[in-house]
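For reference, the structure is listed below as structure tokens.
Since every read-out is calculated from the coordinates, none of them should be taken as a lab result. It should be emphasised that the depicted structure is a prediction, and the values quoted were computed from it without experimental measurement. Virtual Cβ from ideal backbone geometry, glycine too; neighbours counted across all protein chains shown.
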Amino acid sequence: MKTCAEAAGRVLDDLDQASRPLVVTGCFDEIFFHGKPVLVGVEPQSMAWVLGEQAADRSGWTWTQALEGFEALEHAVVDGGRGLHRGLVDLEKRRQSAAVGAEGRDAKQDPSVADAAGRGRWLAAALVQTEYCRQLAADWEESYRRVAAVLRHTVRASSAVECMNSVLRMHQGRHRTVTQPMLDLKRLYWNCRPFQSGKRRGRCPYELLGLNLPTTDWWELLHAALSDSTQELSSSEVAI
């Protein structure tokens, strides 16, 4: 089991590089096992489990590292964790820096320029929304305040992440610890297993996400990784 779990991590290294750029909307949150955080990310339409990492903490820097690869992310469904929000801010700053570089600007440009551009886009969008609301109803501000009052008391937890939480809790009920290799094995199995019912029936999360693979059989993917490891070990023994 340990060998299979470690092989799952190697498979996911490649699959994450291919799947994370496909995530436009992501649900992110933290769950805890024996007081230790696990950073979780799910793409809600496909229910692809795109992030599942044990972490020493849930600081902004930790989330910044965990969110590497999600460069196409446009919408994030999150709770109020400060570290997660800091990580999302850093992700946006990286994308703005990349956009500046792509336009041929100086890589050492003052970050305030990018921040000013971001504020300008936000202000323009706010003005357009305000004008649109004014055309719909003259008393739109009162309606806006009522809706805002309701939203302030709405729990914004991600149901997609809670789904992953329930899957992992079943494992925790049978085992004392949840290791990173075991998380990887469960994540690989989940993403390759076809749904048995509902609107996603007959297709697995990776397929629904749009990931093209030679096979979505999790055991075949795992077996290929195990075979590669055996060949590397044999080559090392010969070299010695």
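Sort 219, 63 so that the residue with the fewest other Cβ atoms within 10 Å of its own Cβ comes first and the one with the most comes last.
Result, fewest neighbours first: 219, 63.
Whose amide H sits under 5 Å from the amide H of residue 51, counting only residues 5 or more places off or on another chain, with H placed in the peptide plane?
Excluding prolines and chain starts, which carry no amide H, the hits are 41.
Residue 215 label point, 7 Å along Cα→Cβ, cut-off 16 Å on backbone N: hits in segment 1-38?
8, 11-12
Within 10 Å of each residue's Cβ, count the other Cβ atoms and sort 78, 128 from fewest upward. If you can, show how the numbers build up before the last one.
Details: 78 20, 128 10.
Starting with the residue having the fewest Cβ neighbours, the order is 128, 78.
Give the residue list of GluC sites (Glu not before Pro) in segment 12-80 that are DSSP loop and have at most 15 other beta-carbon atoms within 10 angstrom.
On the way: sites: 30, 53, 68, 71, 74; in loops: 68, 71, 74.
Of the GluC sites (Glu not before Pro), the ones in loops of segment 12-80 whose Cβ has at most 15 other Cβ atoms within 10 Å are 68, 71, 74.
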